[in-house]
1. With a cut-off of at least 2 residues that are in contact with a Phe, Trp or Tyr (Cβ under 9 Å, 6 or more places away or on another chain) and β-branched (V, I, T), name the helices (runs of 4 or more DSSP H) lying wholly within the range A:1-115.
2. Is it fair to say B:R242 is more than 14 Å from every other protein chain (Cβ to nearest Cβ), over 15 Å from the mean Cα position of the chain (by Cα) and of a type in the set (D, E, K, R)?
3. Quick check: anything in the range B:183-193 touching a strand residue (DSSP E or B) at 6+ places or on another chain (Cβ under 7 Å), on the phi < 0 side of the Ramachandran plot and among the basic types (K, R)?
4. Going through the range B:130-187 one residue at a time, which ones are outside any helix (DSSP H, G or I), within 14 Å of chain A (Cβ to nearest Cβ) and hydroxyl-bearing (S, T, Y)?
5. When residues of the range B:219-239 are filtered for being touching a helix residue (DSSP H, G or I) at 6+ places or on another chain (Cβ under 6 Å) and within 28 Å of B:G153 (Cα to Cα), how many remain?
6. So which residues in the range B:53-76 are within 20 Å of B:V90 (Cα to Cα) and in contact (Cβ under 8 Å) with a residue 60 or more places away in the chain, if there are any at all?
Amino acid sequence: MESLLRVEDLNVRYKSYRGELKVLDDVSFEVKVREKVGLIGESGCGKTTLLKSILRILPPNSIIYKGKIFFKNIEIIKANKNEIFKIRRENIGMIFQDPMSTLNPFFKVKDQLYDALRYSVHNIKSQQDLQQMIIKLLKEVALSDSERILESYPFELSGGMRQRVCIALALTRSNDLLLADEPTTNLDVTIQEQILNLLRELVNKRGLSIVLVSHALGMVKEFVDKIYVMYAGQIVETASTDKIFSEPLHPYTKLLLSAVPRLTGRWKAEGLIGRLPDYVNPPPGCRFYMRCQQSNSNCKIKPKLLKLNKDHSVACWLYGDEEH
Amino acid sequence: MNELLVVKNLKKYFKTKFGLVKAVDGITFHINEGETFALVGESGSGKSTTGHMIVGMYAPTSGEIYYKMNNISVHASKRPKNITREIQVVFQDPASSLNPSRYIKDIIGTPLKVYNLIRNSTEVEQKVADLLENVELPPELYMYRKPRELGGGELQAIAIARALSTNPKLIILDEPTSALDVITQAKIINLLLNLQKKHNLTYLFITHDLAVVRNIASRVAVMYLGKIVETAPTIELFNHCRHPYSMMLFSSIPVISEDEKNLKPKKITSIGEIPSSLSIPPGCRFHTRCPYAEARCKVEEPSLKHINSGHIVACHLAE
């Protein structure tokens, strides 16, 4: 399959009063055409930073220190303003974590959708045209009561409806790739299921690629083809979804899976000591080293992401000894 | 077993400018001493309102709450102090339930002063240090820090330490882990289980995460729109749930292994959203979303049926 998005050795840092926070460390990442990719890891490990750097919407105190991002042969980091705007307008859409703070509470849903459509679509001939496009869009995200919703303010809608409006907003501009940053975190399980089914349907119908960021592992498992596991700004393991869940290799992946509460009961999450390293002075080798129970002296040197077979790579000294 | 808390036909209505909101509409349950009782349901089903009434944040509209046989159906300010001391609460979002600019020592120390559990100010420091150690946070690192400097998991541990400061018997846990990621969630749940054993605590666990419930609760009540639709011991509920709403909740849980998939009941696809408590549907409240709804579900409200020991369900179809 053809590659749609390729991130190579990306390093992103944030300036702070204590010094530079070295958040992303040599992250490489690839999304192919029509591929569903999952990105998992605990809070604060740089998942959102990675997504934001793809759209170049990082906060002003950030520095892209090193690395390249290719989207359909366009180098995003070196691209000029017009090229970036064009990509944001036509190719990549993003669904943010909290639908309440994505939507502006002072404007009706109607006005926010109008603006998004006017920005992304050029061949709008008349007001009626626009109206029809919006109604069609709302139908696509399964919001049937479109008249009431268009006339409402965001706070008058329920969490599930708000998230559907956000998906509609993202759909106005994503013709190739959808970046979904924890789209169901604040929702009930029943609504979460509905939103996921909706996303799956849309992605298949429109032939989009999607990057789903989440720490709800069960949800990721049901949705994506390939998973990247991230810890403290490094990709520690990547494999097809089945492989990650059936034979996880990296100690961090194993830890993450053991922390998921099971329906079978007898859940005991062990070995959960410590916390994420300080990004100002991250440990020089493997960043998971301090929390890892299988660590040895090698771990003070940074392991490379080693390809074990066609669709399984891991960055850990326990595997493929001398080749690092 | 001893019944620590008994709730009888409890109701809470709120007057709003749009009409009467029936947040909790006649619920009955009891919690045994030393157990973990879970209250599950979607947002807007009245779980938190129930918890808040038990803590005494507001008085019920009607119905009774008994704590150790004492009627406490009034606002906390009218309850005897030795009872308010024994019922504590941990809220969902620790970042907004702890004052971001006070020292941790003062946050945990305040209840100690309010309940006169200390004699002088030097004792505060000692007590707070013990409490922090209790929740596995090194006191020397946390005592003089402020909530705004800390992460979600640490803050929740501090909220738990604050709740423990008055030596409570019953702790209301109002979605204590839903704002946390899986690893932090596992840490907090482990901490709660250890503390329960150590101090013989009773928990009322309010959540919508059924996978967590399966692992820590001994009995579960499922709530929908202000009513309890099903109550059962956890294992019984997970193996033989009878109410279509419980089935819908179960079949929506995303799981990561085959064993778990086999445990889930027949697939009921989630449709629609919970209606507003301003206009509660007539008959069975769930009939608007229920795939098995019949004509009588739309007019006749189902009564509670006892299926077997401790398993109660409110559905016309459960015979």
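The values are calculated or read from the model by the stated rules, or taken from the named source; none is laboratory data. Since this is a predicted model, take the numbers as computed values, not measurements. A quick note on method: Cβ atoms are made from the backbone with ideal geometry, for glycine too, and the neighbour counts reach across all protein chains shown.
1. Numbers: elements: A:47-55, A:81-90, A:99-102.
Because the criterion is at least 2 residues that are in contact with a Phe, Trp or Tyr (Cβ under 9 Å, 6 or more places away or on another chain) and β-branched (V, I, T), the helices (runs of 4 or more DSSP H) in the range A:1-115 that meet it are A:47-55.
2. yes
3. no
4. B:T177, B:S178
5. Within the range B:219-239, residues that are touching a helix residue (DSSP H, G or I) at 6+ places or on another chain (Cβ under 6 Å) and within 28 Å of B:G153 (Cα to Cα) number 3.
6. B:I54, B:V55, B:I65, B:Y67 - these are the residues of the range B:53-76 that are within 20 Å of B:V90 (Cα to Cα) and in contact (Cβ under 8 Å) with a residue 60 or more places away in the chain.
Results for (1) more than 20 Å from the chain's Cα centre (by Cα); (2) over 30 Å from A:V165 (Cα atoms); (3) exposed (fewer than 15 other Cβ atoms within 10 Å of the Cβ), shown as yes or no for each residue.
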| residue | (1), (2), (3) |
| --- | --- |
| A:K205 | yes, no, yes |
| A:H250 | yes, yes, no |
| A:L256 | no, yes, no |
| A:Q293 | yes, yes, yes |
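Okay, residues lined up against (1) in contact with a helix residue (DSSP H, G or I) (Cβ under 7 Å, 6 or more places away or on another chain); (2) modelled with pLDDT under 80:
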position: A:S240; (1), (2): no, no
position: A:G265; (1), (2): yes, yes
position: A:K268; (1), (2): no, yes
position: A:L272; (1), (2): yes, yes
